[in-house]
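The structure under discussion appears below in the form of structure tokens.
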Amino acid sequence: MASSRDPLVISFGEMLIDFVPDTSGVSLAESYAFIKAPGGAPANVACAISKLGGNAAFIGKVGDDEFGRMLVDILKKNGVNTGGVCFDMEARTALAFVTLRKDGEREFMFYRNPSADMLLKESELNMDLIKQAKIFHYGSISLISEPCRSAHLAAMKAAREGGALLSYDPNVRLPLWPSHEAARSGIKSIWFDADFIKVSDDEVQFLTQGDPEKEDVVMSLWHDKLKLLLVTDGEKGCRYFTKKFKGRVTGFSVKSVDTTGAGDSFVGALLTAMAKDTSIFDNEPKLREALAFANACGAICTTQKGAIPALPTATEAEKFISSSKAK
């Protein structure tokens, strides 16, 4: 378990309930039953860090309802600091129905009208907690509407002023944005503030409208403040770009059941390593080792349904690596 003296990684954003069909490869309409799973990318990342032995906190808002209280209990059970979580008396906790196609990939249908996470106000932020962060991590869903967008920007500013590194995983969810163009401009509106950005190959394609395999297309997303740009390529692994070096780390082949949370598991593993040792940005062997470990955490997460329940511990990840051969 992490000690409170360990470097703190704060995740900011949404936490919600994912309803996942109990049968893979069917549409929402064809599903007879759903499994209730805690979700929301920033919350998944916080739990991933904590399960790997890091010191994690989550900042966000849930409804003052059964689901909201359940989610906060899950964070606590997973060792995440919940000192930055608020409850909304009016709005409900967000719900997402997530279909799993036969290949384990997902389709989303969201219930947010508005949901509690969208209503987090700047005045509700736990600034004392934010200023303790060594790394402050966030996505883009909290940028979609006010007042949450202003709270997000204020939290980033306070974290930066407190000396934190800023970590961004855009986590594109197009059904939540008014249009594709709004999503592109909203996601890019905070692009140049981040020290570390992780994008999937699909997100590279969406943001650049170019071929994600081409290096010049990926590098169009680079900016001078960045210490590390990462592109995840599913089971093929990931590509990394820093000021000094670049390369690819191969992934692990597993029988994928549900890809929900795989990217969050990957990010959590990497942020845990970064928080302990920021020299990772300048040390290629160290970075490659951390990325191989993160790839393993992402792969393990796809082998069962739901995000948080599937997140591995460090021991599980090490055991998996020693019993697997990288592709």
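The values are calculated or read from the model by the stated rules, or taken from the named source; none is laboratory data. Here the structure is a predicted model, which is why all the values come from computation and not from measurement. As a convention, Cβ positions derive from the backbone with ideal geometry for all residues, glycine included, and neighbour counts pool all protein chains shown. Ligands, DNA and RNA are excluded from the accessible area calculation, which covers all protein heavy atoms including side chains. Shrake-Rupley method; radii C 1.70, N 1.55, O 1.52, S 1.80 Å.
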* Looking only at residues in segment 281-310 that are at pLDDT 95 or above and closer than 19 Å to residue 55 by Cα, which one is most open to solvent (accessible area, probe 1.4 Å)? -> 293
* So residue 258 clears everything in (1) open to solvent by 10 Å² or more (accessible area, probe 1.4 Å); (2) touching a residue at least 60 places away in the same chain (Cβ under 8 Å); (3) not aromatic (Phe, Trp, Tyr) except one condition, right? Which one? -> (1)
* Filter segment 116-152 for residues that are within 27 Å of residue 5 (Cβ to Cβ) and touching a Pro at 6+ places or on another chain (Cβ under 6 Å) and give the result. => 134
* Inspect all residues belonging to segment 94-111 and state whether any of them is modelled with pLDDT of 95 or more, more than 22 Å from residue 28 (Cβ to Cβ) and assigned to a loop (DSSP other than H, G, I, E, B). => no
* Structure fact -> Flagged in segment 311-325 as more than 26 Å from residue 75 (Cα to Cα) and open to solvent by 60 Å² or more (accessible area, probe 1.4 Å), in numbering order, are 322, 323, 325
* To do: Look through segment 18-51, keep the residues that are aliphatic (A, V, I, L, M) and under 20 Å from residue 84 (Cβ atoms), and return whichever of them is surrounded by the most Cβ atoms within 10 Å (Cβ to Cβ).
  => 45
* **Residues (out of contact with any Ser or Thr (no Cβ under 9 Å at 6 or more places or on another chain) and either free of Cβ contacts under 8 Å to residues at least 12 places away in the same chain or crowded, with 22+ Cβ neighbours inside 10 Å (or both)) located in segment 216-238** => 216, 224, 230
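Yes/no per residue for (1) hydroxyl-bearing (Ser, Thr, Tyr); (2) surrounded by fewer than 22 Cβ atoms within 10 Å (Cβ to Cβ); (3) in contact with a strand residue (DSSP E or B) (Cβ under 7 Å, 6 or more places away or on another chain):
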position	(1), (2), (3)
54	no, no, yes
57	no, no, yes
78	no, yes, no
87	no, yes, yes
90	no, yes, no
95	no, yes, yes
